[in-house]
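This report concerns only the one structure given below.
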Amino acid sequence: MTTPGHPKIELHVHLEGAIRPATLLEIARRNGQPLPADTVDGLAALYEFTDFGHFIEVWLLTTNCLRTAADFRQVVVDYAGEAAGFGAVYVEGIFSPCERVQRGIDWDELFTGYTDGAAEAFERHGVTVRLTPDLYRGVDVHIAEECARIAVRYQDRGVVGLGIGGPEAGFSIGPYRKAFEIARDGGLGVVPHGGETAGPDSLREVLTLHPDRIRHGVRAVEDRALLAEIVDRGLVLDVCPTSNLRLGVASTVDDHPLPALRAAGVLCTVNTDDPAMFDTDLGREYELAAAMGVSAEDAYLAGLAGALCDSRTRARLTELPDAGPLVGS
């Protein structure tokens, strides 16, 4: 295991994709939910993704074994413990409620489980976990808007933002503007995925939401004007190096956009995305980032700038030993 070293902030981890194979098998068995593989090695083989579409297919096949509040709570607590081992002090965890609700899970079962998990994660591991539920491109608009309303209702229990993921190509975010208005009017941040599997046009549409941060965004390097706009707006990008390599966004480390983003002045956080599915962890991601010229301190400062936390939490994170001065202070 990589030593913790400098404290770390992670702003982009899909909690369903952070469940290690042995635990996923355990959850599936206790819920009587079959998986496409019944061994750790079988799941590892399943995670050899050919492209983003294949990843989504496998993600749906595996994560739908999560059924109860206890499952959702466990997912948060387990990942907080893992991340703490690498020095994480603050995590914004993503979860995808719409898919579960469409398969019969109650909204409150989901949100109670995840928010209870966030509270327990701090008690057991000392990691502050905040939550940012994700819509997905293509979901029914009414479900998306209901998700936004529920997310606002759980704001006092650790929900801090609303995002959207899924395939970018062919799926406009236009139908979901009202959902994001509901979220923002209710005090939540807006943190959409964009500029991962599609290029500058996708990012330009994302920018019309006036996001607080962009998840991925690495393909901004393909358009100088777009890159300059991101810098001018002070938008933080959540960069997930191994994810980008596994899904073909970058073919090799040498081709990864992270150095170009940093050279342009973009603040970039370092994240695992779906660590169990991509066979990675927070320590490995920081090692990759360091090889591309982004230090742990750089990533931490970007995390401080991009986090959706309240002012009290931000002040505490700023005062941590070795955390350095807050950007813009």
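The values are calculated or read from the model by the stated rules, or taken from the named source; none is laboratory data. These numbers were taken from a predicted model, which means no experiment stands behind them. Don't worry about glycine lacking a Cβ; one is built from the backbone with ideal geometry, like all the others, and counts go over all protein chains shown. Surface areas here come from the heavy atoms of the whole protein model, side chains and all, with no ligands, DNA or RNA. Shrake-Rupley method; radii C 1.70, N 1.55, O 1.52, S 1.80 Å.
Among the residues making up the range 28-69, those that are surrounded by fewer than 16 Cβ atoms within 10 Å (Cβ to Cβ), on the phi < 0 side of the Ramachandran plot and among the small types (G, A, S) are G42, A44, A45, G53. L308: of a type in the set (A, V, I, L, M) and surrounded by 21 or more Cβ atoms within 10 Å (Cβ to Cβ), yes or no? Criteria not met by L308.
Quick check on the range 28-43. Is at least one of its residues assigned to a helix (DSSP H, G or I), out of contact with any Lys or Arg (no Cβ under 6 Å at 6 or more places or on another chain) and in contact (Cβ under 8 Å) with a residue 40 or more places away in the chain? Before you say what the answer is, go through the steps one by one.
First pass over the range 28-43, keeping only residues assigned to a helix (DSSP H, G or I): 28-31, 40-43.
Then drop every residue that is not out of contact with any Lys or Arg (no Cβ under 6 Å at 6 or more places or on another chain), which leaves 28-30, 40-43.
Still in the running and in contact (Cβ under 8 Å) with a residue 40 or more places away in the chain: none.
Checked the range 28-43: no residue is assigned to a helix (DSSP H, G or I), out of contact with any Lys or Arg (no Cβ under 6 Å at 6 or more places or on another chain) and in contact (Cβ under 8 Å) with a residue 40 or more places away in the chain.
Of all residues in the range 156-201, those satisfying the criterion of being in contact with a Leu (Cβ under 9 Å, 6 or more places away or on another chain) and among the hydrophobic types (A, V, I, L, M, F, W, C) are V159, V160, L162, I164, I173, A179, F180, I182, A183, L188, V190, V191. Pairs linking a residue in the range 122-148 that is in contact (Cβ under 8 Å) with a residue 24 or more places away in the chain to a residue that is of a type outside the set (A, V, I, L, M) and open to solvent by 60 Å² or more (accessible area, probe 1.4 Å), with Cβ atoms under 6 Å and 6 or more positions apart or on different chains, are T128/F122; R137/F171; G138/F171; V141/P175; E145/K178. On the stretch given as the range 292-305, residues that are open to solvent by 30 Å² or more (accessible area, probe 1.4 Å) and either β-branched (V, I, T) or not in a helix (DSSP H, G or I) (or both) total 2. Selection of the range 117-173 for residues being among the β-branched types (V, I, T) and surrounded by fewer than 20 Cβ atoms within 10 Å (Cβ to Cβ) yields V141, I143, I150, V152.
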